[in-house]
Amino acid sequence: MAPPPLAAKGDPVLPHRTAELAVRNELAGWRLAPVLFPLSPVGAADMPRELPAFAGEIDAAMVAAHWRFLLHLDPAGGVIDAVSLTKVPGTTASMLESWLRGLRFDAKLAAGGGWLAVGIEFNNQATHGTDAH
């Protein structure tokens with residue numbers, strides 16, 4: 001059996017392939033929602049137990065980014081200001097900043113200077129409540 005011919009100079013070695021468009025499968029009863037995690041040295045008990053509903057549209061660029069924020073807390077543990085440390089072309093942090101202003105932390109975190117670093121990721125959550133599985 002003869003070996004395959006070599007590609008001519010300047011010709012591609014491998015055949016040209018076109019990417020197939022992937023269809024996004026929407027899971028019935030599920031939606032993407034932000035999940036908060038600490039970047040500052042705080043315990044899980046100091047993080048908010050209840051997260052407010054996210055009203056904005058979550059797109060692929062938002063999910064793919066590594067979102068990091070500095071939060072300025074008031075004496076009661078509310079978020080006065082949220083400063084994004086992440087710059088992502090084609091998306092804005094303003095929806096996430098507004099969502100973060102609805103959080104309520106333990107008031108003792110505000111006593112230590114009032115600044116806290118957090119990250120946000122996204123996962124699928126049941127729209128009808130928590131899933132036991």
Among (1) assigned to a loop (DSSP other than H, G, I, E, B); (2) at pLDDT 80 or above; (3) farther than 19 Å from N124 by Cα, there is one condition P4 misses while meeting the rest; what is its number? (2)
Filtered residue count, the stretch 86-123, keeping only those that are more than 17 Å from P52 (Cα to Cα) and modelled with pLDDT of 85 or more: 3
Qualifying residue in the stretch 86-105 (condition: surrounded by fewer than 14 Cβ atoms within 10 Å (Cβ to Cβ) and assigned to a helix (DSSP H, G or I)): yes
Within the stretch 9-66, count every residue that is among the hydroxyl-bearing types (S, T, Y) and at pLDDT 80 or above. 1
Inspect all residues belonging to the stretch 54-64 and state whether any of them is farther than 17 Å from A33 by Cβ, touching a strand residue (DSSP E or B) at 6+ places or on another chain (Cβ under 9 Å) and crowded, with 16+ Cβ neighbours inside 10 Å. no
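The values are calculated or read from the model by the stated rules, or taken from the named source; none is laboratory data. The shown structure was predicted, so the numbers you read here are calculated from the model rather than taken from an experiment. Positions of Cβ are generated from backbone atoms using ideal geometry, with glycine treated the same way; all protein chains shown enter the neighbour counts.
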